[in-house]
Each structure stands twice: as structure tokens, then as C-alpha cells.
Amino acid sequence: MSGAAAAALAWPFDAYCAVADRLPRARFGSGHRSAETLGEVCDPFDVILLDAYGVLNVGEAAIPGASERVAALRRAGKRVMVVSNSAGYPKRVMMARYARLGFDFSPEEVVSSREALLAHLASLPPRRWGLMLNPRYGLEEFDAPSGEFLEDDRAAYDRVEGFLLVGSDGWTEARQTRLEDALRARPRPVLVGNPDIAAPREGGLSREPGHFAHRLADSTGIVPEFFGKPFPAIYDLALGRMSPRPEPPRVLMVGDTLHTDILGGRGMGFATALVTDYGALAGTDVDAAIAISGIRPDFVVRRP
């Protein structure tokens, strides 16, 4: 791998390390067990929580063997759920994508950070929100009269009463500057529907809303409120769909990112498995990343 390619893969890890003080705390074991596949480590657990990007798919392509692994887990009697920070799409679009990629999840088995954000918004008094979100699907699932898209109209950044960072597709440096200027001029709440700094896609790693949220926090001093991994609201939403609610040691969180999936899972008391071949750490020195971050999974597996 060239030096440029390695740097392109490493920048999100460095960015997460730089904002570690804004992330939840967790306790970790002293080491991890390595295995080739996820199937080798799942026996002790009743519930398997799967990240999407880097575990099930990379962009619009399924990871080889992922759908077969999900089917095998079901045959073994495991409860399987997707817990994803993919917030830029309505639930129906997510479900159509999973079906197209060969997965048979039901809507109740898919929990997104978008849903965690929407649940929180439902508990708040009405407010006019400005949204970082591609307008392709309109304000579907949001309270349309209370929201407007943040694009290139500077006045919109001034008139809204708070900001929702949901999806960064189409977001630009000019829009980021307008957002930061508006917050410095008049501080308002910032809620982040996708805490990810980056996500693996076919063409490389994308910059996600978490990246821009931490930038504005550094620039303005306003600390956003995050909904999604590694923060607990999304996990509570997932566990609340199970009856009886499982005991944390019987849950395995599977993901590709130390600072979201592994940190968040351990913070909830779950066991964790890091998948290395397809996601944020693909092509990097995983042992070094674990040592530098201090975030230690219970298992490290190459592929689903």
C-alpha cells in the first residue's frame, strides 16, 4: 500500500483520537482473541448487534459472506439486529437497500441513529430546525413544518432555532463556514444524527456529519449532542425492542470502528468484535491502532 493510500485510511482514526474527550468512557479487558470469521466467536452470546458499513456492506455493495453469516446466526438461534449510524436516508430506503443486497432483516431488526434522533426530537418542545441533509427525500420522517434544509441561503442559518446534522451528502466548505459563523453570532443547540467521522464506501472513506460536528465544536466552543454509536441512546433503542431485555454480557456488538462500535459496545457492558478487512481499519496496523487508542475489543476477526 502506498504512503498516500495509508494516510487516506488513517485520517479518521487520528481524528477520533483528537476528540476522545467528547466520547463516552468504557472499561476494557487486557487483550483480545483473534479469529478468521465472526462465526468462530458467537457461541456464548444470545444477541448479535451488527454495524452495517464495514461489516455488512461497503457503500452499495454487500461484503462477501455477510448475508450467509446472518442466516447462519439465525439458524443457531441468535437474535440478530443491525445498529447503524446511517442517518441520511428514511427507514424505507434503508430496508430496500438491505433487501437489494440480499439481507432479510425486518424493520424492527434495523435500528439507526436517525431513529434515535427522531425519538429525542419527539420529546422536545417545537422548534424550527435547520438540517444538514440532502433534500432528495424531502423532510420524510421529520416534522416538515419545523424544518428547512441548510443550503446556500445565508438567511436560513440565521432564522432557524437549532441545527440537526443528519447527512453530509452534498455538504460543502461554504456551508460549513456559514454554519460556524451563525453559531458564533448566536449560539443554538446542535444535534448530530450521525456521530461517524468517516464511513467506508466504494471509492474510499467519506466525511460524515460527526466530522463536521467536531469541527464546529472546535471552532465555536459549542459541544453538540450526539445520537448514535458510541453514545447510549441508539443501544437503548435496540435493547428496548427485545423482550425480555437481554443482559449486557449476553450481547455481542460487531463493528469495524474502535471509537464507535467497540467503544460504544463496551460502554454498554457488551462484548465486542472488531471486523478488520473491509471497514475503517482495512489495510492498517490494527494492533497498533488498539494500543494507541486504548480501546480494546474482546475479539478481532478478519471478516463476517
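Here are the numbers for this structure:
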read-out	value
Counted residues, the range 223-240 - those being touching a strand residue (DSSP E or B) at 6+ places or on another chain (Cβ under 9 Å), modelled with pLDDT of 95 or more and surrounded by fewer than 17 Cβ atoms within 10 Å (Cβ to Cβ)	1
Among (1) touching a residue at least 40 places away in the same chain (Cβ under 8 Å); (2) touching a Ser or Thr at 6+ places or on another chain (Cβ under 6 Å); (3) buried (at least 21 other Cβ atoms within 10 Å of the Cβ) - the single one Arg302 does not satisfy	(3)
Residue in the range 150-169 that is surrounded by the most Cβ atoms within 10 Å (Cβ to Cβ), counting only those that are within 23 Å of Ala10 (Cα to Cα) and of a type outside the set (Asp, Glu)	Ser168
Number of the exception - Asp218 against (1) surrounded by 15 or more Cβ atoms within 10 Å (Cβ to Cβ); (2) under 30 Å from Gly265 (Cβ atoms)	(1)
Any pair with Cβ under 7 angstrom, 6 or more apart, that starts in the range 158-182 at a residue that is closer than 11 Å to Phe212 by Cβ and in contact (Cβ under 8 Å) with a residue 12 or more places away in the chain and ends at one that is part of a helix (DSSP H, G or I) and β-branched (Val, Ile, Thr)	Glu180/Thr220
Helices (runs of 4 or more DSSP H) contained entirely in the range 164-283, each with at least 2 residues that are acidic (Asp, Glu) and closer than 20 Å to Pro24 by Cβ	none
Number of the condition not met by Met132 [criteria: (1) crowded, with 20+ Cβ neighbours inside 10 Å; (2) at pLDDT 95 or above; (3) in contact with a Phe, Trp or Tyr (Cβ under 8 Å, 6 or more places away or on another chain); (4) not assigned by TED's automatic domain parsing to the domain that holds Ser146]	(4)
Failed item, numbered, when Gly240 is tested on (1) without any contact (Cβ under 8 Å) to a residue 12 or more places away in the chain; (2) more than 22 Å from Ala87 (Cα to Cα)	(2)
Output for the range 83-95, where each listed residue is part of a loop (DSSP other than H, G, I, E, B) and buried (at least 21 other Cβ atoms within 10 Å of the Cβ)	Asn85, Ser86, Ala87, Gly88, Tyr89
The range 149-163: number of residues that are of a type in the set (D, E, K, R), outside any loop (DSSP other than H, G, I, E, B) and farther than 19 Å from Ser219 by Cα	1
Unique match (being more than 17 Å from the chain's Cα centre (by Cα), under 24 Å from Glu68 (Cβ atoms) and either outside the structural domain of Leu38 (by TED's automatic domain parsing) or basic (Lys, Arg) (or both)) among Arg250, Arg296	Arg250
Test result for Val55, β-branched (Val, Ile, Thr), over 18 Å from the mean Cα position of the chain (by Cα) and either over 18 Å from Ala199 (Cβ atoms) or not in a helix (DSSP H, G or I) (or both)	no
Flag if Gly147 is at pLDDT below 95, in contact with a Leu (Cβ under 6 Å, 6 or more places away or on another chain) and either surrounded by fewer than 18 Cβ atoms within 10 Å (Cβ to Cβ) or outside the structural domain of Gly88 (by TED's automatic domain parsing) (or both)	yes
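Every residue, every condition in (1) more than 15 Å from the chain's Cα centre (by Cα); (2) outside the structural domain of Arg245 (by TED's automatic domain parsing); (3) of a type in the set (Val, Ile, Thr); (4) outside any loop (DSSP other than H, G, I, E, B), yes or no:
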residue: Ser67; (1), (2), (3), (4): yes, no, no, yes
residue: Ala71; (1), (2), (3), (4): yes, no, no, yes
residue: Arg74; (1), (2), (3), (4): yes, no, no, yes
residue: Gly77; (1), (2), (3), (4): yes, no, no, no
residue: Met81; (1), (2), (3), (4): no, no, no, yes
residue: Arg97; (1), (2), (3), (4): yes, no, no, yes
residue: Leu124; (1), (2), (3), (4): yes, yes, no, no
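The values are calculated or read from the model by the stated rules, or taken from the named source; none is laboratory data. Just so you know, these numbers come straight off a predicted model, no measurement behind them. Don't worry about glycine lacking a Cβ; one is built from the backbone with ideal geometry, like all the others, and counts go over all protein chains shown.
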